[in-house]
Structures are given as C-alpha cells and as structure tokens.
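Before any comments, here is the structure.
The values are calculated or read from the model by the stated rules, or taken from the named source; none is laboratory data. From a predicted model like this one, the values you see are computed outputs, not experimental measurements. Cβ sites come from the backbone with ideal geometry, for glycine too, and all protein chains shown count toward neighbours.
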Amino acid sequence: MSEPASALGGAVSEGFARVEEMPPRGMIALRGDLGSGAVKAAVKDALSLDLPGTWRATDAGEAAVCWMAPDELLLMSSYAQAPEIARKLGHFLAGEHHLVADMSDARSLFRVTGLDAREALAKLTPADLSPGAFTPGTFRRTRLAQVPAAIWMRDDTVFEVLCFRSAARYMFDLLTEAAARGGEVGFWPD
Amino acid sequence: MLILHCPYCGVDADETELAPGGEAHLVRRGPEASEDAFHDYLFVRENPRGVHFERWRHAAGCGKWFHAARCTVTMEVFGTYPAQVTEPPADLLAAISAKRPGWRWRDFT
Ligand SMILES: [Zn+2]
C-alpha cells in the first residue's frame, strides 16, 4: 500500500509567526439538508460531534465538523479513517438526498501559529479577522491573496488554513512572506 | 469597491470574494421563441444610469448565488436577496422607490 504524502513534505518556515504544512488529514465532503435530523444524526453517528453553526467548526481530537455552506459540511478525521467514515455516512444516509465524498487528497493544510498569527493572515484576506469578529472555533471560507482558502481558528495562537493541493506551494510562500520578520503589523495588541 | 451582504451565510462580503453573474431576472427564451426574442435574450442587456439588478456569487465563501440591487451612479447598495425568485421582493422595491422616486428598470418600478 502506498504512503500518503503531503504536497510539500511538511515544509516549515519561522517568522514572527510559524508556518507549517500539516500531514495529510482525512476530509470528507457532506452535502445535504443541514436542518434535517438525518444529517445531524449521521454526523453524530460517524464522529460523535454536533453540527456547527454558520461559519463555525466543532471538534474533538482529530475529528472535526466544519461549516462550508448552508448545505455543505467538511468532516475531518485521521487520513486512514476517512474512507470508512465516508462509507458509514453513505450507509446511514441511504434514502436521504445527500452527497458524501472522501476528498482527503484534494486539499493541503497549513498551520500558522504565534501571538501575531492573526495579523499575518489578516494581510491576505478580505475577511474580518479582528478579535471581536473572528474567535476560536470560527471556520471561514474566503480568499487568501489570489486563491480560495478556508481559515480555521483553533485557539488564540493557532490557525489552520486549507486550500486546494494544487495551490500548496503558492500558499506556503504566501504565508511565509506575510509572517516574515520585519513585517509585523502590531495593529491588534496581544 | 462593493461590499454585498450574502443572504445565505450572512457575511458582508468584499467584492474580491464575489464573482459577478451579470444582469438579474433574465427570462430564458428557448427554441420555440422568435429569432428576435432569442436575440434579445442572448445579447440585449440593461445599461442603466441608476438603479440596477444583478446576480452575484459568493465564490470565495459559501459558494451561493444571490441577487443584488444597487445604484450604478453612487454605488449605493439597496439590498441583496436570494436567488430563487423571479422578481425583487416588494419591501426592497419600496425601499428603492423611497430613495429614487420614479425609478424604472425593465418592468420593475
Ligand atoms: Zn455567502
């Protein structure tokens, strides 16, 4: 069996914030009526997590449920577990109008850490990253410079960024540049 | 620079997060239509000085299509509303009339 490999082999850069490409993670797209009991129950059955509110994520350990759209969730797990979780979801939702797809190889994942990680990201996106608007647990699809991306605030100093795998090098270089020493902004006090 | 409120995810989205979708509320003319009607459906568009209705997509966001009403002169946004309608909501039309008395756009007033 082949080993999953991330696009950049776990590249790391150290600036005023640290940028790190994360190892492959299980990612499952789930589309359907998020207001229906069936989707809620299927997610609970698969990951033991509740559905997140708009532009939020719920998580426990490696598992997470991220709000992508009014009719779409992104479920996360370990890379190895994703095919089985997708199979279970499909089984659970049989007869319901839905779509389940294991998308684990579609995207790249980065972690941006540091007291000023928020400021590095705010340089790149039109999304409101101010501390009052973007809080831990926020998961927001937006644009980082020229490419679509999602920003997930894990806690006060840890953000994760998702983008399509084909844009991995661009994203890593972009985040590295935004977090380079000498480029501190100091707009939001720590 | 426009900022449009996405009626699906609630974000006040910067124009750079959006993709333009052209004129709103086009009525499709199919094979049964006359050549003139089909020509107009394909090619003839409003180019107003003032109130205008457009389609936009929250492309780098929740991905949904929606409608927006704005003024092409001042860039004032009168409102946004969901895609699954064939005409603007009545309260939006009233709000536009309060601000631009006598306005007309295609058959909407
Ligand atoms: Zn939206």
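Here is a list of conditions, (1) outside any strand (DSSP E or B); (2) touching a helix residue (DSSP H, G or I) at 6+ places or on another chain (Cβ under 9 Å); (3) surrounded by 15 or more Cβ atoms within 10 Å (Cβ to Cβ), and B:Arg28 meets all of them except one; can you say which number that is?
Result: B:Arg28 passes all but (3).
Kindly indicate whether A:Val100 is within 14 Å of another protein chain (Cβ to nearest Cβ) and buried (at least 16 other Cβ atoms within 10 Å of the Cβ). Even if it seems obvious, please write down each step before you answer.
Details: within 14 Å of another protein chain (Cβ to nearest Cβ): no; buried (at least 16 other Cβ atoms within 10 Å of the Cβ): yes.
Considered against the rule, which asks whether it is within 14 Å of another protein chain (Cβ to nearest Cβ) and buried (at least 16 other Cβ atoms within 10 Å of the Cβ), A:Val100 comes out as no.
Which number in (1) more than 13 Å from the chain's Cα centre (by Cα); (2) more than 14 Å from chain B (Cβ to nearest Cβ); (3) under 26 Å from A:Gly9 (Cα atoms) marks the one condition that A:Val147 misses?
Against the list (1) more than 13 Å from the chain's Cα centre (by Cα); (2) more than 14 Å from chain B (Cβ to nearest Cβ); (3) under 26 Å from A:Gly9 (Cα atoms), A:Val147 comes up short only on (2).
Can you give me the ranges of the strands (runs of 3 or more DSSP E) entirely in segment B:32-94 with at least 2 residues that are free of Cβ contacts under 8 Å to residues at least 60 places away in the same chain and away from the ligand (no atom under 16 Å from the Cβ)?
Working: elements: B:51-57, B:65-71, B:77-82.
Where strands (runs of 3 or more DSSP E) fall fully within segment B:32-94 and carry at least 2 residues being free of Cβ contacts under 8 Å to residues at least 60 places away in the same chain and away from the ligand (no atom under 16 Å from the Cβ), they are B:51-57, B:65-71.
Given the criteria under 22 Å from A:Val65 (Cβ atoms) and either surrounded by fewer than 17 Cβ atoms within 10 Å (Cβ to Cβ) or within 16 Å of the chain's Cα centre (by Cα) (or both), does A:Leu162 qualify? Explain how you work it out, then say what you get.
Working: under 22 Å from A:Val65 (Cβ atoms): yes; either surrounded by fewer than 17 Cβ atoms within 10 Å (Cβ to Cβ) or within 16 Å of the chain's Cα centre (by Cα) (or both): yes.
In short, yes.
Do we have any residue at all in segment A:172-188 that's crowded, with 17+ Cβ neighbours inside 10 Å, of a type in the set (Gly, Ala, Ser) and under 26 Å from B:Lys64 (Cβ atoms)?
If we filter segment A:172-188 for residues that are crowded, with 17+ Cβ neighbours inside 10 Å, which is where we start, we get A:172, A:174-176, A:178-179.
From what is left, the residues that are of a type in the set (Gly, Ala, Ser) are A:178-179.
Imposing the further condition that a residue be under 26 Å from B:Lys64 (Cβ atoms) reduces the set to none.
Within segment A:172-188, not a single residue is crowded, with 17+ Cβ neighbours inside 10 Å, of a type in the set (Gly, Ala, Ser) and under 26 Å from B:Lys64 (Cβ atoms).
At pLDDT 95 or above and in contact with a Lys or Arg (Cβ under 8 Å, 6 or more places away or on another chain), is that true of A:Thr142? If you could, list the steps in order and put the result at the bottom.
Details: at pLDDT 95 or above: yes; in contact with a Lys or Arg (Cβ under 8 Å, 6 or more places away or on another chain): no.
Judged against the criteria, A:Thr142 is not a match.
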